[in-house]
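Asks: My questions will all concern the structure given below.
The values are calculated or read from the model by the stated rules, or taken from the named source; none is laboratory data. Everything quoted here is computed from the prediction, not taken from an experiment. Cβ placement follows ideal geometry from the backbone for every residue including glycine, while neighbour counts extend to all protein chains displayed.
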Amino acid sequence: MPSARLPRRLARFLREESGVMLAETVIILPLLIWAFIGLYAYWDAYRSVTMVQKAAYTISDMITRENDVIDDSYIVGMDTVMEYLVDNDQDVSTRVTSVAWSESNQRFEVHWSRALGTAMAPLTTATLQGFNTQIPAMAEGDFAMIIEVNVSFDAAFDFGISEDFLSEFIVTRPRFLRCIVMNNGICPIV
């Protein structure tokens, strides 16, 4: 008789569902928490990248729409605006450079360059040549403004996001003038 009851008890055991929810929760909950933290980390990184990009384009647009000579206090004010736009507790470094294409020298040449923050030094014509692939083709005597921004970034969680700085490199042609003039300089003929 015990052998006849065994298949019935086995069938009843297989139909029994008490404790299944607890077992599923123990298996799935850590995966859900891991996925939530990962999504938050990537969302935060994407938000930070977008914020830095929008702030850098705002600064670029400010400078290229200028109709007057700008000076060092304008650049400092622009950096203050940049810090406000990205977040006051992040380390922000900004470099603003006016460049022109010289057909006779077959290279980009620096008209003027200013850097604020600790991450970058002002560009020279020699150091600018390292950025040739990032600057679009220009005609003889055309000027462009290069806005470079480095913003410190610390990921909320370590999910493969290893960036220490978020960087933007923006090249924009002056909107209303041939070139943007710094500190009562002149717009040279290149």
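Asks: Restricting to the stretch 104-125, count the residues that are of a type outside the set (A, V, I, L, M) and either within 14 Å of residue 168 (Cα to Cα) or touching a residue at least 60 places away in the same chain (Cβ under 8 Å) (or both). Talk me through it step by step, then tell me what you get.
Replies: So the first thing to find is which residues in the stretch 104-125 are of a type outside the set (A, V, I, L, M), and the list is 104-109, 111-114, 117-118, 122, 124-125.
Next cut, either within 14 Å of residue 168 (Cα to Cα) or touching a residue at least 60 places away in the same chain (Cβ under 8 Å) (or both) only: 109, 111-112, 114.
So the count comes out to 4.
Asks: If you check residue 25 against the conditions, is it modelled with pLDDT of 80 or more, closer than 24 Å to residue 168 by Cα, in a helix (DSSP H, G or I) and among the β-branched types (Val, Ile, Thr)?
Replies: In short, no.
Asks: Now for a separate question. I'd like the full set of residues that are surrounded by fewer than 20 Cβ atoms within 10 Å (Cβ to Cβ) and charged (D, E, K, R), limited to the stretch 94-113.
Replies: 103, 107, 109 - these are the residues of the stretch 94-113 that are surrounded by fewer than 20 Cβ atoms within 10 Å (Cβ to Cβ) and charged (D, E, K, R).
Asks: Just give me the residues in the stretch 132-145 being within 21 Å of residue 61 (Cα to Cα) and of a type outside the set (Gly, Ala, Ser), in sequence order.
Replies: 134, 135, 136, 138, 142, 143, 145
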